[in-house]
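Step one of this worksheet: look at the structure below.
The values are calculated or read from the model by the stated rules, or taken from the named source; none is laboratory data. The structure presented is a predicted model; accordingly, all values stated were derived computationally and were not measured. All Cβ positions, glycine included, derive from the backbone under ideal geometry; neighbour counts span all protein chains shown. Accessible surface is based on the protein model in full, side chains and every heavy atom, while ligands, DNA and RNA are left aside. Shrake-Rupley method; radii C 1.70, N 1.55, O 1.52, S 1.80 Å.
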Amino acid sequence: MTTPLSIGLVQAAARHHAADDLDAFAADVRRVTEAHPGVRLLAYPELQLCGHGPGEDPATVMTAAAEPLDGPRGARLAALARERGIWLVPGSVYEQGADGRIYNTAPVYSPTGERVAEYRKIFPWRPYETTASGDSFVVFDMAGHGRVGLTICYDAWFPETTRHLAWQGADLVLNLVRTPTVDRAQEVVLAQANAIVNQVFMASVNAAAPDGVGRSVVVDPEGHVRAEAGPGPEEVLTDVLDLGEARRVRTRGTAGLTRVWDPFVEGQPPLELPLYAGRIDPERWRRGAGP
């Protein structure tokens, strides 16, 4: 049995990396959690704390905002999660890696103030984004609720990303987005498609105007849109999810019919995948689908 999880997706305009904006972010988290006291998992859009304003050079802002995850910004975010007693995903931030490169990274903080996960964006939006690419698929466990995977914006366009997270046992995938362009319509379709083909909850939180066009969504493991924010303005999208539903759908099938994690017969040979110079091993496919 799993305990229902109350989530809040904060469709907000981006802030800058200056200290006063971090103060404003903390005030916003307090405002949202006071207005929605039942929320256990609170998530913000991509680069929520590292946005660039009109006329600013994104590369300059990126360089100025980058710091190690265990730096002063991380310490304050951890303290904020502990203060509010929530799981906090403060959007993604510019991370100064130990290798000297800058990553677009989503950290996760537990209610005790521990950083329990960090995900580096694997698919920056080339050629427009210049951050280094991450190389790991990341999930984390929420005791009593289920397992959560992380993606950032353009990652959702690559089916391998969500498929790997589901294979790692994710019941819910958080997609942190900063899309100000007309292709948000396609991203909403992708949220549904990724949910359907992987039988996983999808929660895609986009930035509000002027940094994004909104339309944050929550989609269930069968592809139904459970909740959707409006286009443009700031809004808090809330929902209560039983993440065990993802496991039920995988076991019994979408609409009680389609079981995408059980397509192979006993003894079937591996399927070669020329694109990846690799293969799908039926036995490995089955083993990876569980929590």
Cα-based convex hull, region 173-291, per residue volume (Å³, whole number): 120 Å³
Fraction of alpha-carbon pairs over 34 Å apart in the chain - percent: 17 percent
Rounded if a/c under 1.5, otherwise prolate or oblate - region 90-178, Cα gyration tensor axes: oblate
Summed side-chain charge close to VAL205 - residues other than VAL205 whose Cβ falls under 13 Å, Lys, Arg +1, Asp, Glu -1: -4
Region 138-178, accessible surface, carbon-and-sulfur percent (1.4 angstrom probe): 60 percent
Ordering of 75-88, 24-37 by burial proxy (mean other Cβ atoms within 10 Å per residue, highest first): 75-88, 24-37
Per residue value of the accessible surface for the chain (all protein chains in place, 1.4 Å probe), Å²: 44 Å²
Cut-off 13 Å between beta-carbons: net charge of the residues surrounding PRO270, Lys and Arg +1, Asp and Glu -1: 0
Fraction of the pair-distance distribution of region 1-108 above 22 Å, Cα-Cα pairs, percent: 31 percent
Net charge, VAL217 excluded, C-beta distance under 11 Å - Lys, Arg +1, Asp, Glu -1: -1
Packing rank of 143-155, 219-231, 238-250, where each peptide gets the mean count of other beta carbons within 10 Å, highest leading: 143-155, 238-250, 219-231
